[in-house]
Amino acid sequence: MIMAKFCQCCGRGPASGNAVSHSNRHTRRRWLVNLQSVRIDAGDGTTFKVRVCTKCLRSGFVRRAMAAAPAEA
C-alpha cells in the first residue's frame, strides 16, 4: 500500500505540533519526513523504486541499487 509522505521502510510519517511565534502565539503545523525516491536492490538481482526517509538511507536499512556501468563501444 503506497501512502503519500510516509516512509515505505520504517513507516515514519508527518509529525504535528505548534509553531510558536515570537509573541508566543500557537498555530498548528506539520513536520514532514525527508523522503527520497530511490531504486533499491531486492537481493535477488531485481530492483524497484521505493520512497524511503533519509534516516533509513543513512542507517543502512535499505541498500541502493548500483548503477549499471556504461557499455564500452
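Quick one: in segment 10-27, of everything that is open to solvent by 60 Å² or more (accessible area, probe 1.4 Å) and in a loop (DSSP other than H, G, I, E, B), which residue is farthest from Arg64 (Cα to Cα)?
Here the answer is Ser23.
Results for (1) closer than 14 Å to Ala4 by Cα; (2) open to solvent by 80 Å² or more (accessible area, probe 1.4 Å); (3) part of a loop (DSSP other than H, G, I, E, B), shown as yes or no for each residue.
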position	(1), (2), (3)
Arg29	no, yes, no
Val33	yes, no, yes
Val38	no, no, no
Gly43	no, no, yes
Val50	yes, no, no
Lys55	no, yes, no
Arg58	no, yes, no
Val62	no, no, yes
Met66	no, yes, yes
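The values are calculated or read from the model by the stated rules, or taken from the named source; none is laboratory data. Computed from a prediction, not measured in an experiment: that's the story for all the values here. Accessible surface areas use protein heavy atoms only, side chains included; no ligands, DNA or RNA. Shrake-Rupley method; radii C 1.70, N 1.55, O 1.52, S 1.80 Å.
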